1. Could you run through segment 17-38 and say how many residues are of a type outside the set (S, T, N, Q), free of Cβ contacts under 8 Å to residues at least 60 places away in the same chain and not in a strand (DSSP E or B)?
2. List pairs: first in segment 92-106 and loosely packed, with under 15 Cβ neighbours inside 10 Å, second of a type in the set (D, E, K, R), Cβ under 7 Å, 6+ apart or cross-chain?
3. Consider segment 136-161. How many of its residues are farther than 13 Å from Gly191 by Cβ, at pLDDT 90 or above and among the charged types (D, E, K, R)?
4. So Asp205 passes all but one of these: (1) at pLDDT 55 or above; (2) outside any loop (DSSP other than H, G, I, E, B); (3) open to solvent by less than 90 Å² (accessible area, probe 1.4 Å). Which condition number does it fail?
5. So Leu132 ticks every box in (1) over 30 Å from Leu39 (Cα atoms); (2) assigned to a helix (DSSP H, G or I) but one. Which box is left unticked?
6. State whether the residues of segment 125-139 include one that is surrounded by 15 or more Cβ atoms within 10 Å (Cβ to Cβ) and among the β-branched types (Val, Ile, Thr).
7. Within segment 218-226, does at least one residue satisfy the condition of being touching a helix residue (DSSP H, G or I) at 6+ places or on another chain (Cβ under 9 Å) and modelled with pLDDT under 90?
8. For Ala142, indicate whether it is within 30 Å of Arg172 (Cβ to Cβ), free of Cβ contacts under 8 Å to residues at least 12 places away in the same chain and open to solvent by 30 Å² or more (accessible area, probe 1.4 Å).
Amino acid sequence: MTRDVVTVAPETGYHQIADLLVRHSISAVPVVDPEGRVLGLVSEADLLAKLEYSDREPYHPLAVRRLGAGRGRAAGENAAGLMSYPVVTISADASVTGAARLIDAAGVKRLPVVDERRHLLGIVSRRDLVRLYARGDEEILAAVLDVLTGLRVDPADLHVRVDDGVVSLAGRVDRRSTAAMAVGFVRSTPGVVDVIDELTYRYDDTVGPGGTDDTVGTFGTGQTGGGRSRTFPDIVV
């Protein structure tokens, strides 16, 4: 998310909001109360009628930037009258996949990120999400290594390979559940297209006492050829 968010108060006038959008090259601003709680959102479309057709302000750079768009909310005089509400928000601990699904389901371009009291923490946009999924193999590899290290997987036991977004995981971990978590978390890493699971595990902790040794995990599928790879012992995290 973007943490340094431009915001406005409910009483902020439409002309000042338009100036902020142009000055900061943004397309919308959250409306917040004095405690920082999100009340609504004002976008370019909400302002266009005022800026294109109002007798008081017949011309504004924002109108030129969005020439030919709809009239928006012509009646509002300030942020409270112009804003869209209620606003679809998301929590800071939500996954990137969850944010993408919510943006798609709600049909919005951005999501204010809030805490449990709806205080604004940041904002995440479609562009932010697309940028993550446009990662190259080296960047994906670095992200995958971070994920695996966070799962406390022994780096000396694994070999990770990335080819056009397809991640191959090979080596041995302690438990079958650890292998399953590793595959699941890697698959949800932004930029990962698929995961080829070639992990083995020393103990199958999913079948109760007496689990088998040297069992091959089968949590992912796919094919891959030559690509970028790196063994964990060569990485300094």
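The values are calculated or read from the model by the stated rules, or taken from the named source; none is laboratory data. All of these numbers come straight from a predicted model, not from anything done at the bench. Note that each Cβ is placed from the backbone with ideal geometry, even for glycine, and that neighbours are counted across all protein chains shown. Please note that ligands, DNA and RNA were not included when accessible areas were found on the heavy atoms of the full protein model with its side chains. Shrake-Rupley method; radii C 1.70, N 1.55, O 1.52, S 1.80 Å.
1. Restricting attention to segment 17-38, the residues satisfying the condition of being of a type outside the set (S, T, N, Q) are 17-24, 26, 28-38.
Next, only the ones that are free of Cβ contacts under 8 Å to residues at least 60 places away in the same chain stay: 18-24, 26, 29, 31, 33-34.
Keeping just the survivors that are not in a strand (DSSP E or B) gives 18-24, 26, 33-34.
So the answer is 10.
2. Within 7 Å, the pairs are Ala92/Asp115.
3. 1
4. With respect to (1) at pLDDT 55 or above; (2) outside any loop (DSSP other than H, G, I, E, B); (3) open to solvent by less than 90 Å² (accessible area, probe 1.4 Å), Asp205 is out only on (2).
5. (1)
6. No, the conditions are met nowhere in segment 125-139.
7. We begin by selecting, within segment 218-226, every residue touching a helix residue (DSSP H, G or I) at 6+ places or on another chain (Cβ under 9 Å); these are 219-220.
Keeping just the survivors that are modelled with pLDDT under 90 gives 219-220.
For segment 218-226, residues touching a helix residue (DSSP H, G or I) at 6+ places or on another chain (Cβ under 9 Å) and modelled with pLDDT under 90: present.
8. Numbers: within 30 Å of Arg172 (Cβ to Cβ): yes; free of Cβ contacts under 8 Å to residues at least 12 places away in the same chain: yes; open to solvent by 30 Å² or more (accessible area, probe 1.4 Å): yes.
Here the answer is yes, as Ala142 does meet what is asked.
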